[in-house]
Every structure is written in C-alpha cells, then in structure tokens.
Amino acid sequence: MSKSTRARLEVRNALPADATAIMTLIEKVYPRMGTYSDGQIRGQMNNFPEGQFVAVYDDAVVGYCASSRLDETVVMSPHDWEQISGNGFGSRHDPTGDWLYGFEMCVDPDRRGLRIGKRLYDSRRALAERLELRGIAFGGRLPGYRRIRDRVNGPEGYLAGIKDGTLRDPVIGFQLANGFEPAGILPRYLPEDKQSGGAAALMIWRNPYVDPNEAPEFRVPRGIESVRLATVQFQAKPVADFAEFIRNVEYFVDISSDYKADFVVFPELFTLALLSFEKRELSPMEAIDRLTEHTQPLIAELSRMALEYNVNIIGGSHPTRAEDGDIQNIAYVCLRDGSVHGQEKIHPTPNERYWWKIRGGDSLDTIQTDCGPIGVLICYDSEFPELARRLADGGARIIFVPFCTDSRQGYLRVRYCSQARAIENQCFVVMSGNVGNLPNVDNMDIQYAQSAILTPCDFPFARDGIAAESTENVETLTIADVNLADLTWARAEGTVRNLADRRFDLYAIDWSNRPHGEQPKVDSRPMGTRAPGGG
C-alpha cells in the first residue's frame, strides 16, 4: 500500500504569521506600486479574520485576497480604494454589512497555472454564501486600457468593448469568466495604477441563494469575550539595589496573577527608582546613561514573570539606548507566551527632550496577544488622536497608557485625552501612573496619579465611561473585567458609530515609516499610506 502524502496546495484564512510573506508577494506582483505595511496586513486580519485568505503551495504563500463586509449603499456609491479599504487596514469592515467587498487580490506570477485566483474567488464565494450576503463586489483593474486609450471613449468605452467581445483584457476577462459582471466605472479608484488610468470597473457577483427583494437583517450577537485588566498605581520609593526593585514589581505581578488577570500594566518611567541607590546625585544625562544599563536585566525579569505568573505584562516604560546611540522611552510588553515587544514613545515631552535628549520613535503598531491585538501609547502620546486611530484601524480593542505626571493639571491632560480616545475609537483604555517621590532623582520629585480603566460611553458600558479607578495618589492595584464583544456590538450597532461614520472621502491619516531625515525616492510614496488595490 502506498503512503499518503500531505496536500501541496491549500487555501485557508490568513494568519498574522503570514504577514511578512504576504508583503513580499505583493511587492513581487506589483513592483512599481509599493506594498502594505505589516500593520496594515495585520489590521486586515484583525478587523475581519474570516475575510482574508492565503493560497499556500509547498509551504510558500503564492496568493492572497483581502475583503470586508460593507453595506450596499457604501458598495454601490462612488468610492476610491483608500476610502473603501479604510486606508488599507480593512477598518471600514461592518459586521452587519450585506456585501463582501474585495480590496486586494494577488497571485504569484510564477504559479499562474495552478488556478490560484479561481480558488481564492471560490473561497470568497463560499464565505458570502455561508454568511447569506447579497453578493461580492470589488474594483477590477483595467491593465490594457493605457495601451489603447486613444482608440476608446475613456474607461467606459474600454469596458464596453470588453463586454461586447471587441476588446480583450486579461483581468476583466478572468473575472467575467468567474461569474462577475461590471456595474460601472470607478474613475479615480487607484491613481497609482497607471496602466488602468487610475480607474477600475466595479465588478459584482450576486448570491443566487439570497432574495434580492428581501431586506436582510444582520445583528451582532451580544456575546461574552471577557478580559480581566489590572493597573498598578506604583509607589516611587528608594530601593537598595536592582533586586529590591524587582521584588516590588513582582509583588504586583503575583497579586494580579492570583486574581487571574490577563494583563497588568505599570507606569511610565517606573524604573527611575533604580537611580535611588546611586552613591551620588547624577546629572540628567549621567542618570539616563546609568538607567540604560538596566535595560536587558529588566526585560529578562519581566519576561520571566510573564511566563511564571501566566499574565501579560505591559512594563510601563524605560529609557533605552538604541543601536544608533539615541535614547528612547520604550514600553516593553512581555507576553505570557514568552515573546517580548517594544513600543517606543512617539512624542517625547519638551522636558524629556531638553534634559534627557530623548528622541521620538518612528513606528506604532498593534501587538498580537492571546486576547487579541492591543496597543500602547506612552503618556504624552495619548494626547495625539492620530496615534490611537492608527491602533484602532489595526484592530486594537485595548490601549494601554502608562503615564508619569507631577501635577493634577498634567494628569488631567492625560486623563481627558485617554477618555476621548476610548470614545472616538470605541475601545478600552487602561491608565497606569506613578505616585510618591524620589528626593534625589530628577523628574521624580512629586507625582500625581489616579489610574483608571476607561470605556466608551454607550449602553453596554459603565455609566460614566469608567470601569474602575484607583484612589488618588495611593499605591494600589485596580482590577476590572471588560467584555470585548461589547465593543464589536457598539462599533456596528451602537448609538454612535465613530469608526464606521468617518468621512473617508474627506480625510485620511498618512503614516510614514521613513527614518528621521530620510527623503522619499522619486516616484515613491510613504509605506503604509497606499498600497496596490484591486479585487
């Protein structure tokens, strides 16, 4: 009897681990149109896991398609790729939408003989049928248009020629053969697509199992997706050595674990206590240099605790010297699976820049955890709405805000902005601040904090938008259970729907991943602002 062999080709839902391979594939398929950022790819999966598919051949990703659920009025109205895709994040996904909209499709040109495109379309069609959606729509490229544009009456004339058989187009022809039909032209769908003159054909497939005359009604189930959050209001106090500091931190990790918390968060710059055992008072730059020497031992201890106590730790923030010599303020997120992630503070305060020469970071993305994607905004970063919106677009439902403020006014700036971020992004925001003082340590003379776990303001949530808060200026641990499924409901069916109701036709946030001072190349564009579109 012959032995069985495993399948060489499969189509499955995309996973976060596929992100790098997907970006490489898209860059290969569209070499002159750029690729997505890692955050955009992960955002597509986080926002609608069921709608993203990969084709894998001999363990290599050879095809990818991305899609969202959208309301028919959105699908059939004039739009461009950036609007319909939520700037490439798939953040316009509507769990109650009655159409499946495809905004990305690519196949490795070296594997075209395997009918990968058809397999991906079949997977989409099966999803639309299972969800009982009205159909599938996407903007189909017109790659043959530029070559003969002088002989046809615009993209409309080109599409008419394809429909009546007098013209041939490899992309539209393939889509027609797979049961899609054109419903009009989107004239400014993707300006970067020079071959198509920036235009696309709105292609649709109608689900034969759904009555087009019957109004669909999709409701988001009010399920339970409970997560327990713990925030440490940490006392700044002198310690004899690094080991004593770690014992103070481990105490709260231990208590959080006893209460079966999924996350515990510490404040910004909580490691400044490590300067209290220095034998002399240091200048600001000497102090920062000395702190950076504790970076690796700190990460090792936080990671150990996350594993041993089975809790995800957001390690406040700690000044760290980067490879290029810059000092950055970084939150180390140590997950209970053993992985470690660093999130830089994007906006240092004037005080940090002046005394400590701290430089702002260049990247902000969600972090994948066993409770879904999360984000971290360190103190001042919470006062910049664009950052929280990027994390929400990437799928974050919990944003952690470690902070360090010396006055009530400074605290309230962070508090009010964190509450605003929770409302406008329909997410939970967890604040953690320092209290107490360190007399011989600069910037820790006095502290003011009232740590809190904040919610959106709508019916499923706490009356005042506060799930829990600590007593002011007292060292304590504050814990609350939150239901992530309430966020899904609120984003789709809430009294207001801040994410869904954005005017993508009027504004968008462009995000550049270029290092400081680096200029874009000619005819290029910042990574993460746009990417190749298409069905």
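The values are calculated or read from the model by the stated rules, or taken from the named source; none is laboratory data. Only a predicted model underlies this, so the values are computations on that prediction, with no experimental measurement involved. Positions of Cβ are generated from backbone atoms using ideal geometry, with glycine treated the same way; all protein chains shown enter the neighbour counts. Ligands, DNA and RNA are excluded from the accessible area calculation, which covers all protein heavy atoms including side chains. Shrake-Rupley method; radii C 1.70, N 1.55, O 1.52, S 1.80 Å.
Assorted remarks:
- Contour excess over end-to-end distance, with Cα ends at Glu308 and Arg146 and 0.36 nm allotted per residue: 52.2 nm
- Put Trp99, Trp489 in order of accessible area, highest first, and with a 1.4 Å probe you get Trp489, Trp99.
- With contributions of -39500 (n - 2.57) from each DSSP H run of at least four residues, the per-residue ellipticity at 222 nm computed over the chain stands at -8500 deg cm²/dmol.
- Summarising the label geometry, the points placed 7 Å from Cα in the beta-carbon direction at Glu214 and Arg130 lie 2.1 nm from one another.
- What the Cβ-Cβ distance of Met76 and Glu493 gives, at R0 = 22 Å and to the nearest 0.05, is a FRET efficiency of 0.50.
- In this structure the amide hydrogen of Ala200, modeled in the peptide plane, comes within under 5 Å of the amide hydrogens of Leu186, Tyr189, none closer than 5 places in sequence on its chain.
- Highest to lowest packing among 220-226, 158-164, scored as the average C-beta count within 10 Å: 158-164, 220-226
- Inter-label distance for Asp122 and Ala7, nm, one decimal - labels placed 7 Å from Cα along Cα-to-Cβ: 1.0 nm
- The charge dipole of segment 22-79, taken about the Cα centre with unit charges on the Cβ atoms of Lys, Arg (+1) and Asp, Glu (-1), comes to about 180 debye, rounded to the nearest 20.
- Close amide-amide hydrogen proximity is noted between Thr369 and Ile374, each under 5 Å apart and 5 or more residues distant or on a separate chain (H modeled in the peptide plane; Pro and chain starts excluded).
- Highest average packing first - 119-130, 306-317, 389-400, Cβ atoms within 10 Å: 389-400, 306-317, 119-130
- Net charge of neighbours whose Cβ lies under 10 Å from the Cβ of Arg359, counting Lys and Arg as +1 and Asp and Glu as -1: -2
- Where a label projected 7 Å from the Cα of Arg503 along Cα→Cβ would reach, residues of segment 404-435 with amide N under 19 Å: 424-425
- Label of the coordinate-derived value, Kirkwood radius over Cα pairs in Å, listed as (i) 25.0; (ii) 29.2; (iii) 25.9: (i)
- On full extension, the segment bounded by Asn153 and Gln409 gains 85.8 nm, given 0.36 nm per residue less the C-alpha separation.
- Between Ala420 and Arg188, the modelled labels are 2.9 nm apart [label points 7 Å from Cα along Cα→Cβ].
- Linear extension gain, Asp241 paired with Asp289, 0.36 nm per residue minus alpha-carbon span: 15.6 nm
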